[in-house]
1. Looking only at region 1-23, count every residue that is within 12 Å of residue 166 (Cα to Cα) and either over 11 Å from the mean Cα position of the chain (by Cα) or at pLDDT below 95 (or both) and tell me the total.
2. Please specify each residue of region 62-81 satisfying the condition of being under 18 Å from residue 21 (Cα atoms) and either part of a loop (DSSP other than H, G, I, E, B) or β-branched (Val, Ile, Thr) (or both).
3. Quick one: is residue 144 out of contact with any helix residue (DSSP H, G or I) (no Cβ under 8 Å at 6 or more places or on another chain), surrounded by fewer than 18 Cβ atoms within 10 Å (Cβ to Cβ), under 20 Å from residue 109 (Cα atoms) and small (Gly, Ala, Ser)?
4. Suppose we filter region 1-48 for residues that are assigned to a loop (DSSP other than H, G, I, E, B) and of a type outside the set (Asp, Glu); how many remain?
5. Name the residue, out of 72, 111, 79, that is out of contact with any helix residue (DSSP H, G or I) (no Cβ under 7 Å at 6 or more places or on another chain), among the small types (Gly, Ala, Ser) and closer than 18 Å to residue 7 by Cα.
6. Of the residues in region 49-61, how many are surrounded by 19 or more Cβ atoms within 10 Å (Cβ to Cβ) and either part of a loop (DSSP other than H, G, I, E, B) or at pLDDT below 95 (or both)?
7. Could you please find all residues in region 11-25 being in contact (Cβ under 8 Å) with a residue 12 or more places away in the chain and either surrounded by fewer than 18 Cβ atoms within 10 Å (Cβ to Cβ) or among the acidic types (Asp, Glu) (or both)?
Amino acid sequence: MARVLVPLAPGVEELEAVTIIDLLRRAGAEVVVAGVEPGPIRGSRGVVLLPDVLLTEVASQKFDLVALPGGAEGSRRLAESAWVREALEQTLQAGGRVAAICAAPEVLRRAGLLQGRRVTSYPGALPMDDTSYTYVEDSVVVDGPVTTSRGPGTAVDFALALVEQMSGGEMRARVEAGLVRPESASR
């Protein structure tokens, strides 16, 4: 069973956070939702999310994937967290994967994890003059152990890509079938 860390900070994009958590749990992953501060986390649209644990309690544990939901303010706060950087670096060093959607690819950039990669993000979230990566406008971009995506409208595709990476194509198909997505929304 895949073990996934989803850090949450105030200002998180709720749609992205809940989609990542929900679809990975549907696939049987152990998803640990960790707040960067104690207590409930208020998202960018006022929805209150209740993390399972405080990030400081689990950041040094082993995860197969660290998935960062976006939201401008939430991403800024994630980027400022040494605990988030530690979890990202440890996960990659152990052969795991990292993922970020919307404004959160900036967290990966600040941690030096986008160098030499193809990436995407919410329009304007990543500096276009940074030549250390190649920016593309695809909905979901997978480059080695790093997956990035554009925003709330791509959250389901992003989370399904993570399901496939963690549990394989058959599980992705099973989870996607349960969503009853129209043919035009499928990959």
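The values are calculated or read from the model by the stated rules, or taken from the named source; none is laboratory data. Just so it is clear, the model here is predicted, and its values are computed rather than measured. Heads up, the Cβs are rebuilt from the backbone with ideal geometry, glycines too, and the neighbour counts pull from every protein chain shown.
1. Residues flagged as within 12 Å of residue 166 (Cα to Cα) and either over 11 Å from the mean Cα position of the chain (by Cα) or at pLDDT below 95 (or both) within region 1-23 amount to 4.
2. Quick first cut of region 62-81, residues under 18 Å from residue 21 (Cα atoms) only: 62-71, 74-75, 78.
If the condition is that a residue be under 18 Å from residue 21 (Cα atoms) and either part of a loop (DSSP other than H, G, I, E, B) or β-branched (Val, Ile, Thr) (or both), then 62, 63, 64, 66, 69, 70, 71 are the ones that fit.
3. So residue 144 fits the description; yes.
4. Qualifying residue count, region 1-48: 18.
5. Only one candidate passes the filter, namely 72.
6. Qualifying residue count for the region: 2.
7. Kept after step one, since they are in contact (Cβ under 8 Å) with a residue 12 or more places away in the chain, are these residues of region 11-25: 11-24.
Passing the criteria: 13, 14, 16, 22.
Matching residues to (1) of a type outside the set (Gly, Ala, Ser); (2) out of contact with any Lys or Arg (no Cβ under 6 Å at 6 or more places or on another chain):
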| position | (1), (2) |
| --- | --- |
| 72 | no, yes |
| 77 | yes, yes |
| 86 | yes, yes |
| 95 | no, yes |
| 111 | no, no |
